[in-house]
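Down below is the structure, laid out as structure tokens.
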Amino acid sequence: MFTDTHTHKQSHDAVSSSTAIHSKAYDLNKAISKAQEKLLSLQNEAGYWVFELEADCTIPSEYIMLMHYLGEIDETLQAKIAVYLRSRQSEDGSYPLFTGGAADLSCSVKVYYALKMAGDSQDAPHMVRLRNYILSQGGAAKANVFTRIALAIFEQLPWRGVPYIPVEIMLFPSWFPFHLDKVSYWSRTVMVPLFILCTLKATAVNPNKVSILELFVTHPDEEKHYFPERTLLNKIFLGLDKLGHVTRPLIPKKMHDLAMQRAKDWIIERLNGEDGLGGIYPAMAAAYQALLLLGMPKDDPLLITAKKAIDKLLVVNEHDAYCQPCLSPVWDTGLAALALQESDKIGNNASLTRAYDWLKSVQLSDEPGDWRISKPDLAGGGWAFQFANPHYPDVDDTAVVAFAMAESNLPELDESIHRATRWIVGMQSKNGGYGAFDVDNTYYYLNEIPFADHGALLDPPTSDVSARCAMLMARVAQDHDEYLPALERTIEYIRNEQEADGSWFGRWGTNYIYGTWSSLLGLEQTSLPKTDPMYTKAAAWLKSVQRADGGWGEDNYSYHDTDYSGKYKFSTAFQTAWAVLGLMAAGEARSPEVKAGIDFILRTQQADGVWNDKCFTAPGFPKVFYLKYHGYDKFFPLWALARYRNELNKK
């Protein structure tokens, strides 16, 4: 009797277990199907995906300031942007650089000015709280260089409160300690227009004569400490800055005129149509202002187009509006394609074909580019981040797109793949790593110049970009061993960059979880065994920072304090996806940690098939500027769920 009952119980348990397994499999497949359907529905008919890219409140504030600089105020749009700005104020009245982040003085100053321009009374409670925070930090005089330049243009502080950045810098020889080619692309595209604006001391129309003198502890004309001394090298640069101001009148007019023309020509060559100078708002807005200041009429076709490029960045909703820092279609399309290939490569063939046809149409070839200064004999083949930005192809985007193409197994992509891979090999820095746009952009002493108080002047190699390049080279080198020497140097670079705890720093995504995911996915394509310490240490670190709910989350505070490495007050779907994808790449697909992570993603999926992560997802520049990619919670969790299902289905 006991035997029969026990046998019956075993049979019942087996059926129950089987039912549970089938139920879990059904839940997984259902979740994948819903997420895939939603992502497919968001594809543009031209073939690409592009999601909103949100930054902090600085850029929306600058858009209002641009309207007042020009004296062309769209009251309806301004009111909507003001709604957006008010909704993002912290409880103490300040404005952070990312949701839940620490208060930032410079962002707060610009928001205050923008809201006052929009008609908010300085006596309104939210303005009083904001002003009190700013004054508690030493006032607007302590804001960063970019903010002080804007305030000087609006005649809120004297020009001696900004660094000496004369247009004659355009004439410096390449061997000179400071030269445009020695800084990053984003610095170049912002600096050249600022040379013009600062040299000519641009003055805003400011039609309503809005002033913010109430934000200064000491009257700006009497302020003596606009440039705090940081290091010995910084003191030397500050001395040179003062010398430059004093000797400004001695510069010959002929030299000045030549430099001004060279700056104008530099900008016009790179205006980039309706995608704008550098494809980034600060450069686009400054270029528009600079060309107007040089006497170009507003109805000039170049300026009409330049203004359109700025306005294409606007996101205007029913009740609010904001301005994006740039657009990200190539990046979004490459990552969406990888997710869809993982979920159903055959079933998504039509969608993927459209995506790759579009990507092929925007691949760069022999266009002029600043990267050619260091690599004049290297044939083109990269992709930009934006719809168009031919002077500045992005190494990271190029590696992702070409790898996705190689993984797709679709026909007629080999030429694009190999052109991109050859370009990637040619863009390798001396240490084996890769920067995002430039080669060996490592003139670290330039971060000490007064203009660079943000510390984001350069584009050195980083682990995450380098890992993506390794991922591509390893994948393509399976049939083309000419890529192997560059690949080996990159692997060694990645090995040297691994932190003692097993993680990798994430330059372009938050943060150590992103860097570790990136590195593991890159290494997975190589021939390194999964027993290599790089894998085992990284997997152990990822497991050590898993949260109790099964997910992962990391705060942008980890860029400021490594004690926050891999830590956050809650889990996010996109960071959980990075972690489980990294663990699966390390051979941990059947580990309890991966299962718990997958369960978290399944639990947090919304009825519409996607997720709703409200936190910021990446740095534009660590400690200075952060971004929220609105696509990250749409394609990364799908990618992770599909990869998990596929791993479980392997024999």
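Nothing in this text is a laboratory measurement; each read-out follows from the coordinates by a stated rule. Small disclaimer: the values here were computed from a predicted structure and weren't measured. No Cβ is skipped: glycine too gets one built from the backbone with ideal geometry, and neighbour counts run over all protein chains shown.
Mind pulling the angle between the C-alpha long axis of helix 533-544 and the longest principal axis of the chain? Nearest 10 degrees, somewhere in 0 to 90. It is inclined by approximately 90 degrees. Cα-based radius of gyration for segment 318-407, normalised by 2.2 N^0.38 Å, reads 1.25. A straight Cα-to-Cα reach below 28 Å connects Lys650 with the lysines Lys24, Lys30, Lys34, Lys38, Lys345, Lys530, Lys537, Lys543, Lys595, Lys634, residues fewer than 8 places away in its own chain not being considered. The packing ranking, built from the mean of other Cβ atoms within 10 Å per residue, places the peptides 47-54, 588-595, 345-352 in the order 47-54, 588-595, 345-352, highest first.
Which one of Ser503, Leu291, Leu352 is farthest out on the positive end of the charge dipole of the chain, using unit charges on Cβ (Lys, Arg +1; Asp, Glu -1) and the Cα centre as origin? My answer, from the dipole projection, is Ser503.
Going by a ≥ b ≥ c, the root eigenvalues of the Cα gyration tensor, does segment 56-323 fall in the rounded group (a/c under 1.5), the prolate group (a/b larger than b/c) or the oblate group? Display every interim value, and only then the final one.
Details: a/c = 1.85, a/b = 1.24, b/c = 1.49.
Oblate.
The simple Förster model, with R0 at 25 Å and r as the Cβ-Cβ distance, assigns Leu135 and Arg88 a FRET efficiency of 0.75.
In terms of packing, defined here as the mean over residues of other Cβ atoms within 10 angstrom, the peptides 572-581, 609-618, 75-84 line up highest first as 572-581, 609-618, 75-84. Each of Leu583, Tyr644, Gly426 was placed along the dipole of the chain (beta-carbon charges, centred on the mean Cα), and the one lying farthest toward the positive end is Leu583.
Annotation: amide H-H contacts under 5 Å for Leu314 (H modelled 1.01 Å from N, sequence separation of 5 or more, or interchain): Gln324. What the Cα atoms of segment 460-583 give is an Rg and a Dmax of 14.3, 46 Å.
When the Cα positions of Tyr281, Met191, Ala140 are compared along the charge dipole of segment 56-323, Met191 comes out farthest toward the positive end, with charges on each C-beta of Lys, Arg, Asp and Glu. May I ask you to list the lysines whose Cα is less than 19 Å away from that of Lys209, ignoring any residue fewer than eight positions away on the same chain? By straight Cα distance, Lys209 reaches Lys110, Lys116, Lys201.
Computed from backbone phi with θ = phi - 60° and the Karplus coefficients 6.51, -1.76 and 1.60, the 3J(HN,Hα) list for segment 296-309 is 5, x, 5, 8, 5, x, 5, 6, 4, 5, 4, 5, 4, 4 Hz; x is used for glycine and proline.
Counting only Cβ charges, +1 for Lys and Arg and -1 for Asp and Glu, the dipole size of segment 481-579 around its Cα centre is about 320 debye. Diffusion coefficient (Stokes-Einstein, Kirkwood radius over C-alpha pairs, 25 °C, 0.890 mPa s) for the chain: 94 µm²/s, rounded to a whole number.
Separation of segment 189-222 and segment 520-571, taken as the distance between their Cα centroids, equals 44 angstrom. Of all aspartates and glutamates in the structure, the ones whose alpha carbon falls short of 14 Å from that of Lys569, not counting any fewer than 8 places away in one chain, are Asp549, Glu554, Asp555, Asp613.
If the only charges are +1 at each Lys and Arg Cβ and -1 at each Asp and Glu Cβ, what is the size of the charge dipole of segment 406-494 around the Cα centre, to the nearest 20 debye? Walk me through the numbers on the way to the answer.
On the way: 6 positive and 15 negative charges, 17 e Å.
Dipole size: approximately 80 debye.
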